[in-house]
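Asks: Once you've had a glance at the structure underneath, I'll fire off some questions.
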Amino acid sequence: MGLISIRIWVGLARWKMAFWDWSWDELVSYDLPASFQYVHDQTGQKLHYVGHSLVIFHNDLHCVVSAGQNCCLNSSSVDVFLEHEPQSTATKNTIHLSQMIREGTLAMYDYKDEDENMEHYGQPTPPVYNMTTIPNDLPLFLSHGGQDALSDVNDVQLLLESLKDHDGDKLVVQYREDYAHADYVMASNAKQAVYDPLMAFFKLQ
């Protein structure tokens, strides 16, 4: 997402528009698979992936987004977090996220032009991500918080509905009523509340 440590792209300067011509569609299609492949090539081991959020900042976006009332933060963890976050992002990515919020869909980037959508997708509207295509035997540990305003309970419930046929021994859903968005990475009790159960789940897979 334009991370501070990786703002160098061989053959393309970051002040060029093409450098920022991406949204999370490209993160899913290119960045994640490339990262997985690199780690696997280096280690030769099975991978476990943990994802949390798109923590972003845009120079032209002057607003504060509430992530909910976090329950368990302390000043030292917040200070460490703020040394690395939030990271810059592309305008296109910000627009894409706002499209999904406004339209209530989980779809690819909408170019707002049927011809351009046709050029990219072969159809006049952007394809919707079909979450039911997630393999039923893929191990998933899904934890969500009752105070999270960015990934709220209703949104998570929509995801869970698409996973209703998932193998029971491959899906663990953890609900923390007191957790908001940042608690998952900064809470003083996150190790005991979230990470220990997560690691136990990984060891069973």
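Asks: Just name the residue that is least open to solvent (accessible area, probe 1.4 Å) out of those in the range 71-111 that are of a type in the set (Ser, Thr, Tyr) and under 22 Å from VAL194 (Cα atoms).
Replies: SER77
Asks: So is SER188 open to solvent by less than 70 Å² (accessible area, probe 1.4 Å), of a type in the set (Gly, Ala, Ser) and modelled with pLDDT under 95 or not?
Replies: no
Asks: Going through the range 12-22 one residue at a time, which ones are touching a Leu at 6+ places or on another chain (Cβ under 8 Å) and either of a type in the set (Gly, Ala, Ser) or modelled with pLDDT of 90 or more (or both)?
Replies: Hit for the range 12-22 is ALA18, nothing else.
Asks: I've got another one for you. Looking at the range 193-204, can you tell me whether even one residue there is under 11 Å from SER143 (Cα atoms) and β-branched (Val, Ile, Thr)?
Replies: Checked against the condition, which is being under 11 Å from SER143 (Cα atoms) and β-branched (Val, Ile, Thr), the range 193-204 yields at least one hit.
Asks: Something else: Can you name the residue in the range 112-131 that is surrounded by 12 or more Cβ atoms within 10 Å (Cβ to Cβ) and touching a helix residue (DSSP H, G or I) at 6+ places or on another chain (Cβ under 9 Å) and, of all such residues, is nearest to LYS92 (Cα to Cα)?
Replies: This residue is PRO126.
Asks: Then there is this: Checking the condition farther than 25 Å from GLY104 by Cα, under 20 Å from the mean Cα position of the chain (by Cα) and not polar (S, T, N, Q), which residue from PRO139, PRO197 passes?
Replies: Selected residue: PRO139, the only one of PRO139, PRO197 that is farther than 25 Å from GLY104 by Cα, under 20 Å from the mean Cα position of the chain (by Cα) and not polar (S, T, N, Q).
Asks: Of the residues GLN147, GLN157, only one is in contact with a Gly (Cβ under 7 Å, 6 or more places away or on another chain) and either of a type in the set (S, T, N, Q) or within 30 Å of ALA18 (Cα to Cα) (or both); which?
Replies: GLN147
Asks: Against the conditions (1) open to solvent by 70 Å² or more (accessible area, probe 1.4 Å); (2) within 23 Å of GLY68 (Cα to Cα); (3) part of a loop (DSSP other than H, G, I, E, B); (4) of a type in the set (A, V, I, L, M, F, W, C), where does LEU138 fall short? Just the number, please.
Replies: The single condition LEU138 does not satisfy is (2).
Asks: For the range 151-205, please list each of the helices (runs of 4 or more DSSP H) lying entirely inside it that holds at least 2 residues being free of Cβ contacts under 8 Å to residues at least 40 places away in the same chain.
Replies: Where helices (runs of 4 or more DSSP H) fall fully within the range 151-205 and carry at least 2 residues being free of Cβ contacts under 8 Å to residues at least 40 places away in the same chain, they are 153-162, 196-203.
The values are calculated or read from the model by the stated rules, or taken from the named source; none is laboratory data. The structure presented is a predicted model; accordingly, all values stated were derived computationally and were not measured. Note that we place each Cβ from the backbone using ideal geometry, even for glycine, and neighbour counts take in every protein chain shown. Note: areas computed on protein heavy atoms with side chains; ligands, DNA, RNA excluded. Shrake-Rupley method; radii C 1.70, N 1.55, O 1.52, S 1.80 Å.
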